[in-house]
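Taking it in order: structure first as structure tokens, then the write-up.
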Amino acid sequence: MKKYEYGVTRVPGRVIFGAGQRAALGRVAASFGKRALICTDSRLGQDSLIDQLVSNLAAHGVEAKVFDGTQAELPLEGVRECVAQYRQFDADIYIGVGGGSCIDLAKVVSLLMTYPEPVAQYYGEFKVPGSIRPVIAIPTTSGTGSEVTPVAVLADPQRAMKAGISSPELIPHVAICDPELTLSCPSGLTAITGTDALSHAIEAISAIRREPDPSMVMDRVFVGKNTLSDHYALQAIRLITDNLATAVEHGSDITARSAMMLASTYAGMAFSTAGTCAAHAIQYPVGALTHTSHGLGIGVLLPYTMDFNLQASVDVYAEIAEAMGISSAGGPREAACAMIASVRALLKRINVPSSLKDLGVKPEDLDAIAQQTMSAARLVENNPRKLDIPGVRSILDAAMQGA
């Protein structure tokens, strides 16, 4: 199969990147309407940044309200609280400022301001019936890529694991990526969000490659490995390899911070169409069980899923090795193994745990985790090596032992 046979990209209409670019918000928002709702969390709600953004919007004739009640992992009741509180305000524009949960909140609130409940009717792929009200995403972490993706993930008490809404209609209309906003991000959070970005890039480029049926882009949000997503993934991997440790260890380094924000955006663009695989599928039940963050669980699982996928991904992993600057005297397999070892070393350097035991997983939990993993069908089907319950158990067993 030809390497450059098929490609898909779905991205915001505008991506504005660079230090200080948050000042573009007012003029950008004014092109969509006169009333804006800012969705953020309690920490940022007390930060001068929000006041600056509100003033910038006002200077361009846009009235803004602020909801600062976004909770981690985005519980459904929090979404409904925001909708109920600001239904009468009837905003024209929804602005997510913060990490992935804040941006996802803006997406889902815009959806529910446009279309009726129940939320559950939109879970899955292509369930959003049409355009939502404009969303502007302003990330303050470098990891989720939510500013450019067609996905919103929330915690629904009716479901054991997180629920995902996946539709191109959820892609923000504009992403404003200002790396200055990440300078205050703590080192631990920098590590796990950067790990999440790395996993997005690695899983996107190593996803299954499907036959390029012309209808696939309308049938699948995540089409698998393709030439356009590969480009973004490799760029992200290069940047993360060179800059993640520096961003964690020297948080005031604006060069490293800028590189990581760009990498996160590239990785988001990659998995927006290629999708993710085993590490994400397994993390959902692990996260639900242990109440640990998404990026932390991904960081533990990623090397073990790469070990599992090695036999199906030798050439791809060798390509990643080249992007990471890893030279190998042997052939592709040696390069691929060296790459996985390098990922492990990077994760260890930034203090990501190497065992599921460190997250609180117990041996008696593994069968249930394996069973629940299979319910993430779109991720399981996207894995380059056939993923079944015994295969998941083998990954879990290895991850329990630790590196």
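The values are calculated or read from the model by the stated rules, or taken from the named source; none is laboratory data. Note that the structure is a prediction, hence the values are computed from the model and not measured. Virtual Cβ from ideal backbone geometry, glycine too; neighbours counted across all protein chains shown. Heavy atoms of the whole protein, side chains included, go into the accessibility calculation; ligands, DNA and RNA do not. Shrake-Rupley method; radii C 1.70, N 1.55, O 1.52, S 1.80 Å.
Our summary gives the chain a relative contact order of 16 percent, counting only alpha carbon pairs under 8 angstrom and 6 or more residues apart. Decide, for the stretch 1-55, between rounded, prolate and oblate: order the square roots of the alpha carbon gyration tensor eigenvalues as a ≥ b ≥ c, take rounded if a/c falls under 1.5, and otherwise choose prolate if a/b is larger than b/c, else oblate. It comes out prolate by the Cα gyration axes. Extension gain, Thr227-Gln52: 0.36 nm per intervening residue step, less the Cα-Cα distance, totals 59.0 nm. Positive contributions from Lys and Arg (+1) and negative ones from Asp and Glu (-1), summed over other residues with Cβ under 15 Å from the Cβ of Ser394, come out at -1. Accessible surface area normalised per residue over the stretch 71-192 is 32 Å², counting heavy atoms of protein chains with a 1.4 Å rolling probe. Summarised as an ellipsoid, the stretch 320-375 has semi-axes of 31, 16, 9 Å, derived from the eigenvalues of the Cα gyration tensor scaled by 5 and square-rooted, with the largest first.
Scanning the chain for DSSP H helices at least 30 Å long along the axis (C-alpha atoms) with a Kyte-Doolittle mean no lower than -1.0 picks out 227-249. Of the solvent-accessible surface of the chain, computed with a 1.4 Å probe over protein heavy atoms with every protein chain present, carbon and sulfur atoms account for 51 percent. Remark: the stretch 310-398 carries 49 Å² of accessible area per residue (probe radius 1.4 Å; ligands, DNA and RNA excluded). In this simple spin-label approximation, Ser342 and Ala368 carry label points 7 Å from Cα along the Cα→Cβ vector, and these lie 4.0 nm apart. For the pair Thr114 and Thr255, how long in nm is the line joining their label points, each one 7 Å along Cα→Cβ? For the pair Thr114/Thr255, the computed spacing is 4.2 nm. Taking a straight line from the alpha carbon of Lys348, these lysines sit under 30 Å away, with near neighbours fewer than eight places off in the same chain left out: Lys162, Lys225, Lys357, Lys362, Lys386.
The C-alpha atoms of the stretch 31-95 occupy a region whose extents along the principal axes are 33, 26, 15 Å, arranged from largest to smallest.
Per-residue ellipticity at 222 nm, computed for the chain from helices alone with -39500 (n - 2.57) per DSSP H run of at least four residues, works out to -16000 deg cm²/dmol.
For Lys65, a cut-off of 22 angstrom between C-alpha atoms picks up these lysines, skipping any fewer than 8 places away in its own chain: Lys34, Lys107. Scaled against 2.2 N^0.38 Å for its residue count N, the alpha carbon radius of gyration of the stretch 60-150 is 1.03.
What percent antiparallel are the DSSP beta bridges of the chain, to the nearest 5? In the chain, approximately 15 percent of DSSP beta bridges are antiparallel ones. Between Ala59 and Glu77, the distance separating the two model label sites (each 7 Å from Cα on the Cα→Cβ line) works out to 4.1 nm.
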